[in-house]
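Remarks on the structure that follows.
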Amino acid sequence: MSIHPYISPAVKTQVSAHGILAKLACVDKYNAIFAQTFADISSKFLTGRPTTIAGSAYRGIELHKPNPIFAKIIPKAFTPISERSLLRSLLGEKQYSADEVRVIAEYLMTKGVLDRDKNGRYVVSNNVMQMINFDDFEDSEFKDLGDLVSSVYVKGVTRYEGLPDYLDLIKKLPYIRVHQDQKGRIFVVADPLPTGSTFKALRQGELGLLLNLFPESGLPGEYSSLRTALFEGIMSEPLFPKDYLFEAPNIVPDKILDVAQGLWHQVYSYGLIQKDGRVRIQGERLLSIRLGTPLATWGYVLSYDLVPLQIEAPNSEEVWSRMIPRIRSGVVEEILRSFVSEEMQQKAYDDDWREEFLRFCRTEDYYDMYLVAQQLKLNPDTVENILRNAWQDGLCGISVSSHPRLFTAKQKGVKK
């Protein structure tokens, strides 16, 4: 799974909750994060600096370093949770103590973020969302429901395989969408919109596109890591006119341009991007969900599209050059999933492993397939197979086999 360059997996949940805390301006320094993030999004269209709301929030998180337990407690309290269950869910993370969790939870209560229901359980207060009546449900049912909601707000999308009886309850939860695809599979999707927003919930087409950006949600053959990487790259730009598809530099292979063209027409038809190429809040919202920071857009949807676009379209080659690192990760994932064993395909979803693979691709060590195989625990024949198929599949322009010396050496039968 490709990941935004500003975000590491360890801080995803920190970023996810910042929208609520900043919007309420109730926790020290979060109002500064809100202001800084909105300024960063404004500069996206005033100066042309590519960014995402999630990325901007991360920089704010790093600057102010608020207690990360805030962002772990809040999603768990979208459904009522007892203090005992809250502690049990967090104490497995060794850096937290029971006293620390209790202190933070009580602090969030004094600030109006959390409340207690009549049974004494923590719940996100109606300052944040309308209260839900859970009285008809037994306590034993809350654990699975709470885990589901927490998973949705960390991952963005969760496959639902539980009892159908729960669906009616889940559909009542704020910031949640339940989607059933044509094959009958049910997914729960984070859809953060403030109460009274003029923007509509995610539409069926947008939901379908979003689900296809998550490898764990689709069946074999449905997910394309290359397509996901292109989506992330395009949505991170302030604008990506259709002309960029015809003005791409020679380093971008035809296969990648073909995928990009189909994707551009799709995001345009769903209103994620305007005719002039400007990325709209709907596109930013899908990108935030995709990156596992679904609450990041929570405080911005009402004003995002009001920021004027005051930049000229940058050179196409400049834009594609910025996108290449992300696309290269997508290509590596695509190759690994296509040409290696099922066991090795799992490594394609491991961010650290894939980054290590890419690190080798940037050095002379890469040309020693035996060294690559040893370091990455791959069979040398597998390494050679990956490279050969990458070339044959037309991904060589920005893939792991892009270096001309490698191709020349292989053509001459010379081992590097």
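The table below lists the values:
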{"item": "Approximate spin-label separation N385-R159, in nm, with each point projected 7 Å along Cα-to-Cβ", "result": "2.4 nm"}
{"item": "Amide H contacts of R278 (H built 1.01 Å from N, under 5 Å, at least 5 apart or other chain)", "result": "F240"}
{"item": "Residues H179, H18 arranged by fewest to most Cβ contacts within 10 Å", "result": "H179, H18"}
{"item": "Per-pair calculated FRET efficiency, R0 = 51 Å: A35 and L169 via Cβ, rounded to 0.05", "result": "0.85"}
{"item": "Mean Cβ neighbour count within 10 Å, used as a protection proxy, ranking 313-320, 160-167, 30-37, 185-192 highest first", "result": "185-192, 30-37, 313-320, 160-167"}
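Any read-out appearing in this document is the output of simple, stated calculations on the displayed coordinates, not a laboratory observation. As the structure is a computational prediction, the values presented were derived from the model and not from experiment. Note that each Cβ is placed from the backbone with ideal geometry, even for glycine, and that neighbours are counted across all protein chains shown.
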